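Bear in mind that the values in this text are calculations on the coordinates, not laboratory data. For clarity, every value in this text was computed on a predicted model and none was experimentally measured. A quick note on method: Cβ atoms are made from the backbone with ideal geometry, for glycine too, and the neighbour counts reach across all protein chains shown.
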Amino acid sequence: MILTGVLVNAGAVLLGGIAGAFLRQGFPERLNKTLMQGLGLCVLYVGIKGALAGEQVLVAVLSIVLGAVLGEWLDLDRRLNRLGDFLQGRLNTGSGTSQGSFAEGFINATLFVCVGAMAIVGSLQSGLSGNHETLLAKALIDGIVMVVMASTLGVGVCLAAVSVFLYESFLTLSARAVAGYLTTPVINEISCVGSLLIVAIALNMLKLTEIKVVNLIPAAIMPIFLFMLLT
């Protein structure tokens, strides 16, 4: 089935989130704080490593600038936080999870599982050749990270399963149409810019900054349009 890899990836995110949310209930507050800091360092490492994939500094800078302008104009941060709060109310997750942490978990987990080269390359491989190996490997990584992330940020992390399912399904089902635009240089720059957003998430998790990462999300797709203009 063409969506096998996507379904496994989304399932791993969901199961990892559920497992982490259960684990969180038995953790003292001091341990939760230390885990959050440790996870922040790990996310920072992933972001820095991915950012090194980029080779076009100008493309990365322009992508961040244009993405920030578009994100602020659309006010994505406010809209996505309102969506997280709405979903929390509908799911009735209880008083143990604040609205802020629920939305934070949903947003941070969504960015982590959707931004990166593995999601793009794996989805294209599934759509073009039925090869799901990359998405299956990504599912294992995402599942482990979601356990830790949900143990610190709560049950909102589980909803990233919906985000990654929709995102990877779109890429997989439209692979033949979009493959021509997602060349290796483009994917590298998308990975670079997306990884910079992951670095921003890590800095927020470490309480060093208060970057509105959601308003920078459009930057992740800007390399596609910039390469189209350049070529």
Neighbour counts of other C-beta atoms within 10 Å: give me Ser195, Ser126 arranged from fewest to most.
Ser195, Ser126
Output ³J(HN,Hα) for the stretch 102-114: one whole-Hz value per residue in order, computed from phi by the Karplus curve 6.51 cos²θ - 1.76 cosθ + 1.60 with θ = phi - 60°, and x for Gly and Pro.
5, 5, 4, x, 4, 5, 5, 5, 4, 5, 5, 7, 9
Treating only the Cβ of Lys, Arg, Asp and Glu as charged (+1, +1, -1, -1), what charge dipole size does the chain show about its Cα centre? Round to the nearest 20 debye.
340
Separation of the Asn131 and Glu29 label points, Cα + 7 Å toward Cβ, nm:
5.1
Between the stretch 116-179 and the stretch 23-84, the Cα center-to-center distance that results, in Å:
17
Checking a compactness column here: for the stretch 171-217, what do you get for Rg(Cα) / (2.2 N^0.38 Å), N being the number of residues?
1.51
Cα lying deepest toward the dipole's positive end in the chain, options Leu206, Leu153, Leu230, charges on Cβ
Leu153
Using Cβ contacts closer than 10 Å as the measure, can you line up Ser163, Ser174 from fewest to most?
Ser174, Ser163
Find out how many positive minus negative residues lie around Leu136, taking Lys and Arg as positive, Asp and Glu as negative, among other residues whose Cβ is under 15 Å from that of Leu136.
-2
Sorted by Cβ neighbour density within 10 Å, fewest at the top, the residues Glu189, Glu168:
Glu189, Glu168
Positive-end residue of Ile190, Leu15, Ile141, charge dipole of the chain with Cβ unit charges:
Leu15
By how many nm would the segment from Ala177 to Lys49 grow when fully extended, if each residue of separation counts as 0.36 nm and the alpha-carbon distance is taken off?
43.1 nm
